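The values are calculated or read from the model by the stated rules, or taken from the named source; none is laboratory data. Worth saying up front: this structure is predicted, and the values here are computed from it rather than measured. Backbone-built Cβ (ideal geometry, glycine too); neighbour counts: all protein chains shown.
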Amino acid sequence: MGTDRVSDSDTQHAKQCMLPIQNILVTGGAGYVGSHLVDTLVELGHRVSVIDDLSSGMAESLAGHVRAGDIRLIEGSILDPELLDRELRVRTPGTVFHLAAAVGVRRILADPLGSLQTNVAGTENVLRACAQYGAAVVLASSSEVYGKPSVMPMSESGDRVLGATTVPRWSYAAAKALDEHLAFAYAANGLRVVAVRYFNSYGPRLDRAGDASVVGVFLRHALATMRPSASPTSVFPRNGGGKRSPRLAPSPSVAPPGRACRS
């Protein structure tokens with residue numbers, strides 16, 4: 001699989017952040033969103049390193065950059081504090097984009113403990129290392145943090161309502177909220193950090209199995225209707241009586257560093 005070229009408009013949008021050319025570390029950079037972020041950072045001329053355990057990300061998404069010598073791809077885990085310490089101490093990145101996480105309902109349900117450890121302990125490892133070595137952090141949070149709001153439109157300052165703790169599905173939302181609390185606690189002690197809550201997105205390299213994207217589910221059901229035995233009513237699973245409106249964004253629009261770099 002080759003590397004999809006970042007469009008001129010996406011690159012121009014990313015340049016608006018005025019991020020000086022620097023060493024940058026992207027955790028989870030082989031993932032769907034992370035690999036698009038790496039594309040943009042390379043296009044802008046940054047020196048990029050990626051840490052990814054490849055549990056859900058694909059090395060093929062970065063193969064073009066690796067062959068060209070544009071990036072360093074380190075297969076490793078954010079649960080390894082020694083790896084993070086060594087990478088930040090030796091490479092001294094100016095900014096760390098922290099996207100590595102256990103995502104997808106299937107994975108959360110299959111391994112709730114491992115998912116919590118990755119999403120909470122792993123994030124604290126990243127924040128601690130960045131605080132020690134003076135790197136700014138862009139933390140990838142999630143729209144799941146909003147929970148089940150009773151007031152629309154949703155607001156970052158609004159109250160949150162989550163499901164019962166006995167339901168593993170809600171552990172992801174709780175973990176991401178705790179990540180934000182950790183980030184703001186480190187910020188109170190001088191860490192430069194901003195949290196970005198991603199909603200569903202779509203684009204090249206999307207996992208069509210739909211493990212972490214509603215669009216993947218749509219695609220899987222649409223492709224299933226191509227079989228002669230498929231029922232036309234199975235194109236998209238109905239949920240909410242057809243009254244729900246998902247918020248979707250193309251991957252290039254969520255990948256560029258944007259104004260978050262300046263915070």
Practice task
Give the residue that is modelled with the lowest pLDDT, with candidates limited to residues of the stretch 91-113 that are outside any loop (DSSP other than H, G, I, E, B) and farther than 30 Å from Pro168 by Cα.
Solution key: Arg91
Problem - Residue that is hydrophobic (A, V, I, L, M, F, W, C), modelled with pLDDT of 95 or more, assigned to a helix (DSSP H, G or I) and closer than 21 Å to Leu37 by Cβ, where the choices are Leu88, Leu116 - result: Leu88
Handout entry: Options Ala110, Ala173: the member that is free of Cβ contacts under 8 Å to residues at least 24 places away in the same chain and under 24 Å from Tyr32 (Cα atoms)
Key = Ala110
Handout entry: Answer residue from the stretch 85-127, given it is hydroxyl-bearing (Ser, Thr, Tyr) and in contact with a Leu (Cβ under 8 Å, 6 or more places away or on another chain) and is nearest to Tyr186 (Cα to Cα) among those
Key = Thr123
Exercise for the section: Please specify each residue of the stretch 136-172 satisfying the condition of being within 14 Å of the chain's Cα centre (by Cα) and either within 15 Å of Gly104 (Cβ to Cβ) or not hydrophobic (A, V, I, L, M, F, W, C) (or both). Expected result: Ala140, Ser141, Ser142, Ser143, Glu144, Tyr172
Exercise for the section: Take the residues in the stretch 29-82 that are free of Cβ contacts under 8 Å to residues at least 12 places away in the same chain and in a helix (DSSP H, G or I), then tell me which one is nearest to Ala101 (Cα to Cα). Expected result: Glu82
Handout entry: Top-ranked residue of the stretch 27-51 - restricted to ones that are of a type in the set (S, T, N, Q) and surrounded by fewer than 24 Cβ atoms within 10 Å (Cβ to Cβ), ranked as nearest to Thr92 (Cα to Cα)
Key = Ser49
Exercise for the section: Would you be able to say whether some residue in the stretch 129-137 is surrounded by fewer than 22 Cβ atoms within 10 Å (Cβ to Cβ) and in contact with a helix residue (DSSP H, G or I) (Cβ under 6 Å, 6 or more places away or on another chain)? Expected result: yes
Problem - Among the residues listed as Ala59, Ala102, Ala68, Ala63, the single one being under 15 Å from Gly31 (Cα atoms) and more than 19 Å from the chain's Cα centre (by Cα) - result: Ala63
